[in-house]
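Student: First, the structure itself, so that you have it in front of you.
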Amino acid sequence: MKKYSQIRSCVFLLVLCLSFSNSWANLSSLVDVTPGTENFISCIQPKSNNVTSFSQQLIITPVNASFIPIWQVAVQNTRFLKPSTPKPSIIVTPVDETLVQKALFCAKKHGYEMRIRSGGHDYEGLSYTADVPFVMLDFTNMRSIDVDVANRSAWVQPGAVLGELYYSISQKTDTLYFPAGVCPTVGVGGYMGGGGYGNLLRKYGTAADNVVDVRFMDVNGNILDRKSMGKDLFWAIRGGGASSFGIVLAWKLRLVPVPEKVTVFILNKTLEEGATKIFHKYQYVAPTIDRNLHIRTQVFAEYIGNTTKKTIRIMFEGIYQGTSDTLLPLLDEKFPELGVRREICEEIRSIQSTVVFWGLPSSTPIEILTNRSAIAKLNNKSKSDYVRTPIPIRGLRKIWRKLMQNDGSALLMINPFGGRMADYSESAIPYPHRAGVLLQILKTVNFNGQTSDTTPTSLKRIMWLRSLDELLTPYVSKNPREAYSNYNDLDLGVGSSNYEEASLWGERYRKRDNFQKLIRIKAKVDPDNFFPRPQSIPVF
């Protein structure tokens with residue numbers, strides 16, 4: 001297992017950006033105080049003798065030395081750390097719901113738009129950038145987590161990240177967990193709003209399927225829960241993009257049972273070792289096998305040793321909700337070609353499996369999941385697809401050839417669906433990618449070694465990604481070609497002045513019936529579209 005952890009760690013270092021090339025001085029030089037900022041501060045600040053302290057700690061403008069550090073700290077995709085990125089006029093970092101309410105009221109009063117940031121993983125930076133004057137509501141100070149083991153639930157504020165949630169659960173029990181993603185720096189606030197998936201999706205569905213209540217502030221400042229908001233709005237915010245409708249103040253989550261120990265394994269196969277045929281069978285086996293087993297794959301093109309010849313390497317990363325004594329006979333029966341052996345299996349706690357799937361050894365102290373600065377950030381451009389029919393071997397070979405044309409910046413990450421995901425109607429919540437989906441594919445290129453995403457090399461990588469997207473067209477879902485809204489991709493379109501424009505991206509994320517229902521709900525709860533952003537639910 002140690003050998004494969006080391007290989008996985010190397011891949012992790014390849015894909016993620018470990019250093020920043022922009023200086024704070026350069027970033028700061030393009031930030032100006034927006035006219036009217038003083039009016040906003042006057043509106044929001046308390047009438048007390050401690051106004052200066054209040055403003056400096058909770059309301060930050062470009063004149064504050066802390067403005068750039070606070071803005072950049074949760075920019076998880078470092079391609080946006082550049083002078084040309086438009087920044088907020090004002091950052092508000094509330095410590096309680098009262099200040100959220102005041103920020104909402106004052107932004108409306110003084111003509112600002114609002115962006116809401118929890119973790120900042122946001123692939124297109126839409127939670128912390130805009131081309132208009134805007135207030136960024138940054139929930140970094142509202143991150144409490146209250147785990148109730150007896151009732152198998154947890155209340156989580158929006159500024160908490162998944163790593164903190166998992167850690168908090170692990171401090172109370174090893175037999176409950178939450179079915180969310182493996183990246184520990186993803187913010188809870190926005191994650192549930194897009195659906196959210198992870199290693200437990202085949203067993204328990206999406207994260208949003210396991211939301212049981214919410215504290216939510218509507219555009220008028222009213223604080224609502226599941227009962228008072230009504231079934232339509234509660235439906236909409238779980239997978240329909242909660243920030244299109246208002247401000248989530250806390251999610252109540254259903255915790256799910258897990259064994260005290262789960263089994264993980266990591267196994268690599270190259271073309272020379274039969275990777276194409278193995279992956280071809282994987283498409284049939286992984287979505288239909290026992291729901292306790294999830295096998296993620298990552299696909300890379302790399303040179304063979306010190307030669308100039310390339311190959312494809314596929315990393316199979318498995319997690320089984322049980323022991324290796326049960327897992328090995330299952331794989332011997334259903335997928336012997338994979339060749340999983342006892343010596344590469346490791347039985348660990350669920351919290352440790354999150355560390356392993358993030359690319360670190362299982363011996364890594366789990367406290368790293370609570371240390372946001374210890375985890376490297378992304379530096380990439382990504383796209384997503386869903387596969388409903390197994391890709392034939394000839395199609396796989398075309399994909400492999402395309403990957404070999406890349407300069408080493410590309411990665412495919414593939415997760416199997418099926419299981420519990422197929423039990424839900426595609427309209428159960430706005431997240432529609434359910435029965436019939438075999439695989440979800442994340443396609444990404446990184447900009448490592450480049451000063452920005454606009455250098456000639458970076459632009460070449462983006463063009464390569466788009467050409468891969470075109471090559472995949474015959475092999476992925478159709479009418480619509482589906483995409484995952486949490487992997488937002490502005491290449492799909494941003495127009496929303498009419499349904500024809502909005503459907504280009506809206507139906508890909510949510511399908512037609514769900515998207516049209518979301519538009520109707522949006523018209524009722526935010527008729528003036530105070531919560532707009534590219535690819536938010538529109539009002540016509």
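Student: Between residue 504 and residue 38, with labels modelled 7 Å along Cα→Cβ, what's the label distance in nm to one decimal, could you check?
Tutor: Label at residue 504, label at residue 38, 4.3 nm between them.
Student: Return the distance in nm (one decimal) between the two label points of a simple spin-label model at residue 326 and residue 397, each offset 7 Å from Cα along Cα→Cβ.
Tutor: 4.1 nm
Student: In whole Hz and in residue order, list the ³J(HN,Hα) couplings for the stretch 299-306 that follow from phi through the Karplus curve 6.51 cos²θ - 1.76 cosθ + 1.60, θ = phi - 60°; x for Gly and Pro.
Tutor: 10, 10, 9, 8, 6, 7, x, 9
Student: So if R0 is 45 Å, what FRET efficiency would residue 304 and residue 540 give, r being the distance between their Cβ atoms, rounded to the nearest 0.05?
Tutor: The pair residue 304/residue 540 has a calculated efficiency of 0.25.
Student: Give the aspartates and glutamates whose C-alpha is closer than 18 Å to that of residue 310, dropping any in the same chain fewer than 8 places away, or say none.
Tutor: 272, 273, 302, 407
Student: Express in nm, to one decimal, how much length is gained between residue 220 and residue 98 on full extension, taking 0.36 nm for each residue of separation and deducting their alpha carbon distance.
Tutor: On the way: separation 122, 0.36 × 122 = 43.92 nm, distance 1.32 nm.
Extra length from residue 220 to residue 98 when fully extended: 42.6 nm.
Student: Where nothing but the Cβ of Lys and Arg (+1) and of Asp and Glu (-1) is charged, how large is the charge dipole of the stretch 386-454 around its Cα centre, in debye to the nearest 20? Could you put the intermediate results ahead of the total?
Tutor: Details: 9 positive and 4 negative charges, 82 e Å.
Here the size comes out at about 400 debye.
Student: Determine the distance separating the Cα centre of the stretch 306-337 from the Cα centre of the stretch 119-150; give it in Å without decimals.
Tutor: 36 Å
Student: Restricted to Cα positions, what overall size does the chain have along the principal axes? Three whole-Å values, descending.
Tutor: Principal axes ranked by extent give 70, 55, 47 Å for the Cα atoms.
Student: Which FRET efficiency value, to the nearest 0.05, do you get for residue 460 and residue 425 by plugging their Cβ-Cβ distance into 1/(1 + (r/R0)^6) with R0 = 41 Å?
Tutor: Result of the calculation: an efficiency of 0.45.
Student: For the stretch 269-297 and the stretch 171-238, compute the distance between their C-alpha centroids and round to whole Å.
Tutor: 30 Å
Student: Something else about it: Tell me, in nm to one decimal, what length is gained between residue 151 and residue 389 on full extension, where the rule is 0.36 nm per residue of separation less the Cα-Cα distance?
Tutor: 81.7 nm
Student: Still on this structure: Using modelled backbone amide H atoms (1.01 Å from N, in-plane), which distant-in-sequence or interchain residues come within less than 5 Å of residue 439's amide H?
Tutor: Amide H neighbours of residue 439, under 5 Å, 5+ apart: 387, 417.
Student: Restricting to Cα pairs below 8 Å that are 6+ residues apart, what does the relative contact order work out to for the stretch 407-540? Please round to a whole percent.
Tutor: In percent, rounded to a whole number, it is 21.
Student: Tell me the accessible surface of residue 346 in square angstrom (1.4 angstrom probe, heavy atoms of protein chains only), to the nearest ten.
Tutor: In the full protein context, residue 346 sits at about 50 Å².
Student: I'd like the accessible area for residue 280: 1.4 Å probe, protein heavy atoms, all chains in place, Å² to the nearest 10.
Tutor: Answer for residue 280: close to 50 Å² accessible.
Student: Still on this structure: Counting only complete DSSP H runs, which helices of the chain cover 27 Å or more along their long axis at the Cα atoms and score a mean Kyte-Doolittle of -0.5 or above?
Tutor: Correct list, ordered by number: empty.
Student: With +1 on each Lys and Arg Cβ and -1 on each Asp and Glu Cβ, how big is the dipole of the chain about its Cα centre, in debye rounded to the nearest 20?
Tutor: On the way: 64 positive and 48 negative charges, 209 e Å.
Once rounded to the nearest 20, the dipole reads 1000 debye.
Student: Of 200, 540, 250, which is farthest towards the positive pole of the chain's charge dipole, taken about the Cα centre with +1 and -1 on the beta-carbons of Lys, Arg and Asp, Glu respectively?
Tutor: 200
Student: Among 464, 289, 336, pick out the residue whose Cα is farthest towards the positive end of the charge dipole of the chain, where Lys and Arg carry +1 and Asp and Glu carry -1 on C-beta, about the Cα centre.
Tutor: Sorting the options by dipole projection puts first 336.
Student: Oh, and also: Hey, what do the phi angles of the stretch 148-153 turn into as Karplus ³J(HN,Hα) couplings, whole Hz, using 6.51/-1.76/1.60 and θ = phi - 60°, x for Gly and Pro?
Tutor: 10, 5, 4, 9, 6, 8
Student: Which entries in the list 309/402; 377/522; 398/443; 377/443; 277/398; 261/383 go over 22 Å, if you measure between the two C-alpha atoms of each? Write out the running numbers ahead of the final one.
Tutor: Numbers: 309/402 14 Å; 377/522 33 Å; 398/443 15 Å; 377/443 17 Å; 277/398 14 Å; 261/383 34 Å.
Table pairs above 22 Å Cα-Cα are 377/522; 261/383.
Student: Separate question: Karplus couplings for the stretch 435-441 from phi (6.51 cos²θ - 1.76 cosθ + 1.60, θ = phi - 60°), rounded to Hz, Gly and Pro as x?
Tutor: These are the phi-based 3J(HN,Hα) values: 4, x, 6, 8, 9, 10, 10 Hz.
Student: Starting from the amide H of residue 176, placed 1.01 Å from N in the peptide plane, find each other amide H under 5 Å away whose residue is 5 or more places distant or on another chain.
Tutor: Close amide H contacts, sequence-distant or interchain: 258.
Student: Which value, in debye to the nearest 20, describes the size of the charge dipole of the stretch 350-415 about its Cα centre when Lys and Arg Cβ atoms bear +1, Asp and Glu Cβ atoms bear -1, and nothing else is charged?
Tutor: 520 debye
Student: Let me have the relative contact order for the stretch 111-198, percent, based on Cα pairs under 8 Å that are six or more residues apart.
Tutor: Computed over the stretch 111-198, the figure is 29 percent.
Student: Something else: Straight-line reach from residue 252: which lysines fall under 22 Å, measuring Cα to Cα and dropping same-chain residues less than 8 apart?
Tutor: 172, 203, 227, 231
Student: Please give the contour-minus-distance gain from residue 288 to residue 256: 0.36 nm per residue of separation, less the Cα-Cα distance, rounded to one decimal in nm.
Tutor: Here the segment from residue 288 to residue 256 would lengthen by 9.4 nm.
Student: Can I ask one more? With every protein chain left in place, what is the accessible area of residue 433 in Å² (1.4 Å probe, nearest 10)?
Tutor: Around 0 Å² of this residue is reachable by solvent.
Student: So, one more: Suppose a student asked you for the relative contact order of the chain, using Cα pairs under 8 Å spaced at least 6 residues apart; what percent would you report?
Tutor: 16 percent.
Student: Still on this structure: What does a probe at residue 516 reach in the stretch 422-460, counting residues whose amide N is under 20 Å from the point 7 Å along Cα→Cβ?
Tutor: 425-434
Student: Tally the DSSP beta bridges in the chain and give the antiparallel ones as a percent, rounded to 5.
Tutor: 90 percent
Student: Okay, next question. Could you tell me the distance between the Cα centroids of the stretch 344-382 and the stretch 423-458, to the nearest Å?
Tutor: Computed from Cα coordinates, the inter-centre distance equals 21 Å.
Student: Got a sec? Charge dipole of the stretch 296-454, +1 on Cβ for Lys and Arg, -1 for Asp and Glu; which of 356, 439, 321 is way out at the positive end?
Tutor: 439
The values are calculated or read from the model by the stated rules, or taken from the named source; none is laboratory data. As the structure is a computational prediction, the values presented were derived from the model and not from experiment. Backbone-built Cβ (ideal geometry, glycine too); neighbour counts: all protein chains shown. We work out accessible area using only protein heavy atoms, side chains counted, and drop any ligands, DNA or RNA first. Shrake-Rupley method; radii C 1.70, N 1.55, O 1.52, S 1.80 Å.
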